Amino acid sequence: EYYHGIDGSNALTKKVKQIQIPETVTEIETCCFGGFDNVSSITLPSKLKELEYNVFFGCNNLESVVLPEALEELTIWGFGVFERCDKLNKIEISEKNTKYTAQNGCIMSKDKKTLYFVYSNKKTFKIPSTIPIPALRIGTTA
């Protein structure tokens with residue numbers, strides 16, 4: 001229950017090392033795999049269209065994920081899909097995906113103008129130059 005920092009980890013979830021989701025699945029709901037501490041790899045179905053927030057919350061050993069071509073909705077607001085996945089250092093997205101792309105430690109819109117998520121576990125992250133940064137308005141009053 002992520003609102004209180006509890007990820008669902010227990011004796012049974014600790015036994016799971018890999019998750020392979022059947023090809024018939026098109027959506028994965030909120031917190032579905034929260035607390036699967038020892039999962040290091042996940043195989044997502046090619047027809048998956050939506051990942052809700054906190055799907056992999058607290059998957060502390062998750063290192064890499066490949067997101068499918070069909071993915072249309074990656075709910076990242078609030079607590080993101082990969083919240084507390086501290087070892088996550090590689091996300092790949094099918095080049096055929098029409099909405100998202102991944103590179104240099106982040107997920108962006110296909111046109112590289114919207115930054116959705118930074119997953120780099122580096123100490124610093126450089127925002128890609130394709131992301132427009134709005135001008136700051138300093139000292140203005142209403």
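The values are calculated or read from the model by the stated rules, or taken from the named source; none is laboratory data. From a predicted model like this one, the values you see are computed outputs, not experimental measurements. In this analysis, Cβ positions are derived from the backbone assuming ideal geometry, glycine residues included, and neighbour counts consider all displayed protein chains. Keep in mind that these areas ignore ligands, DNA and RNA; they rest on the heavy atoms of the full protein, side chains included. Shrake-Rupley method; radii C 1.70, N 1.55, O 1.52, S 1.80 Å.
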Check your understanding: In whole Å and largest first, what semi-axes does the C-alpha gyration tensor of region 32-71 yield when each eigenvalue is scaled by 5 and square-rooted?
Key -> 19, 12, 7
Check your understanding: In whole percent, what relative contact order does the chain give with Cα contacts below 8 Å and a gap of six or more residues?
Key -> 16
Practice item. Give me the distance in nm between label points sitting 7 Å out from Cα along the Cα-to-Cβ direction at residue 24 and residue 115, one decimal. Key: 4.2
**Study point:** Surface accessible to a 1.4 Å probe, per residue, for the residues of the chain, Å²
**Key:** 62
Exercise for review: Name the lysines eligible as straight-distance cross-link partners of residue 96: C-alpha to C-alpha under 27 Å, and not fewer than 8 places from it in the same chain.
Suggested key: 47, 49, 87, 110, 112, 113, 126
